[in-house]
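See below for the structure under consideration.
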Amino acid sequence: MVMILRLLGRRLAALPLMILGITLLVFLVLQAAPGDQASSALGDAASEEAKQQYRQENGLNDPLFIQYFRFLGRLLHLDLGVTTPPSKSVAAMIASAFPLTLELTFLGVIIAVVLSLVFGIIGALYRDKWPDQLVRIFSIAAIATPSFWLGILLIQWFALGDNPMFPSGGIATPESGFGGWLNSMALPALALGIPVSASLIRVVRTSMVEELDRDYVRTAIGNGVPYREVVSRNVLRNALVTPVTVLGLRVGYLLGGAVVIEMIFALPGMGQLILNGITNLDVNLVQGVVLTISVTFVLVNIVVDLLYLLINPRIRTV
């Protein structure tokens, strides 16, 4: 417990520096983007005097380092600014859209974990036999399938025609209850989780095979311990260390993929916000969305580090 708290303290101590680096990178990239914020806000038909007044009022003529420190000052007060006219609070828009993106990402993680554990364990237990070959074919096909293309296929297969099984887009109303919500999120979550599960299947299978070949497995079985008990109590737990680490890295892909999937399925999440921000050259909106997703990714990896310790006590000396 002491080592877990110590690791948590180290990660939280480094968190402000990571967030500072993220904010600097996001700020510089958006400042280098082509386009004029004044023209986007006022329209191309606005006079040059009006555009110049807008730049002056919003500090766009100030040096970049002053603009950056002004941005940091607002960020310390959780103020992400307002969008280009019509002016709306960026923080309020993100607070409304981000829960949907988290829900979609969470469902994608659940699907990826379940598929990877089931198929990875089957492939390891039946290595080089026909179940293992089928698992390999599935994982290779899923790795080669982009999530956005899979989403389009799922819409064609299950959401179109005379008797659609799922809606083709949009989110269910609160009156529909949990069943309606799950029904509207099923196809987006599958499109997001299946490609990620493919790489995890290979990692789980490889880790399981390595553990099954270790001496302690043969010793336990030779001493009369049932094979199923050895696999469930020892092999599986030791084999999960590497997949958990890989899953933490894949969460960033899931968050980014959720943004794309939301656009395909017309879900009002972060994807719609960032699309609007890029289209309108709304720097505050794009900064807020990218910063929120980046910080979430960092926090998730801190949680993964803690899970890594819980699963493998041998690493608690780190």
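The values are calculated or read from the model by the stated rules, or taken from the named source; none is laboratory data. Owing to the predicted nature of the structure, the values given are computational and were not obtained by experimental measurement. Don't worry about glycine lacking a Cβ; one is built from the backbone with ideal geometry, like all the others, and counts go over all protein chains shown. All accessible areas refer to the heavy atoms of the entire protein, side chains included, with ligands and DNA or RNA removed. Shrake-Rupley method; radii C 1.70, N 1.55, O 1.52, S 1.80 Å.
Structure data summary
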| read-out | value |
| --- | --- |
| Every pair of residues 6+ apart whose Cβ atoms lie under 8 Å, when the first sits in region 269-288 and is buried (at least 21 other Cβ atoms within 10 Å of the Cβ) and part of a loop (DSSP other than H, G, I, E, B) while the second is at pLDDT 85 or above and not basic (Lys, Arg) | GLY269/ALA97; GLY269/PHE98; GLY269/LEU100; GLY269/THR101; GLY269/LEU104; GLY269/GLU262 |
| Residues of region 166-192 that turn out to be free of Cβ contacts under 8 Å to residues at least 12 places away in the same chain, exposed (fewer than 13 other Cβ atoms within 10 Å of the Cβ) and of a type outside the set (Phe, Trp, Tyr), as a count | 5 |
| Residues that are surrounded by 14 or more Cβ atoms within 10 Å (Cβ to Cβ) and either more than 34 Å from the chain's Cα centre (by Cα) or outside any helix (DSSP H, G or I) (or both), drawn from region 195-220 | VAL217, ALA220 |
| Residues located in region 70-87, provided they are within 27 Å of ILE19 (Cα to Cα) and surrounded by fewer than 12 Cβ atoms within 10 Å (Cβ to Cβ) | GLY73, LEU76, HIS77, LEU78, SER87 |
| Where PRO34 falls short, out of the listed (1) loosely packed, with under 14 Cβ neighbours inside 10 Å; (2) in a helix (DSSP H, G or I) | (2) |
| Given (1) open to solvent by 30 Å² or more (accessible area, probe 1.4 Å); (2) in contact with a strand residue (DSSP E or B) (Cβ under 8 Å, 6 or more places away or on another chain), number of the condition VAL90 does not satisfy | (1) |
| Count of region 193-237 residues which are among the basic types (Lys, Arg) and touching a helix residue (DSSP H, G or I) at 6+ places or on another chain (Cβ under 6 Å) | 2 |
